[in-house]
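A short worksheet on the structure shown next.
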Amino acid sequence: MMSGREAAPPLPLSSPSKEEKRKDTERRRRTQSSLRRRERWIVALGIALHAVYMLSIFDIYFKSPIVHGMDPVPPRIRAPAKRLVLLI
């Protein structure tokens, strides 16, 4: 009965040939290229989603509806300051 670990493949008795080295190098290059492409795609997707998210927040919170036909209401108490500063 086998345990949870598989047996390691036997070590090669001779060094890899030039053709094997070339194939291994090409395989690594393709894998690295694929990883770079995937990373770029994920970064671009993240930037796009964050942009949509930020634009939706600004759209929701900073568009005030204009209501016509209302009478002005005098304030009940005096304002505590002359200016209001919002940090967003």
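For the stretch 13-88, applying the loop criterion from DSSP together with a ceiling of 13 other beta carbons within 10 Å to the chymotrypsin sites (Phe, Trp or Tyr not before Pro) yields Phe62. Solvent-accessible surface (1.4 Å probe) assigned to Asp24 amounts to roughly 50 Å².
The values are calculated or read from the model by the stated rules, or taken from the named source; none is laboratory data. Nothing here was measured: the structure is a model prediction, and the numbers come from that model. Counting neighbours? That spans all protein chains shown, and the Cβs are built from the backbone with ideal geometry, glycine included. To get the accessible areas, we keep the full protein, side chains included, count just its heavy atoms, and leave off ligands, DNA and RNA. Shrake-Rupley method; radii C 1.70, N 1.55, O 1.52, S 1.80 Å.
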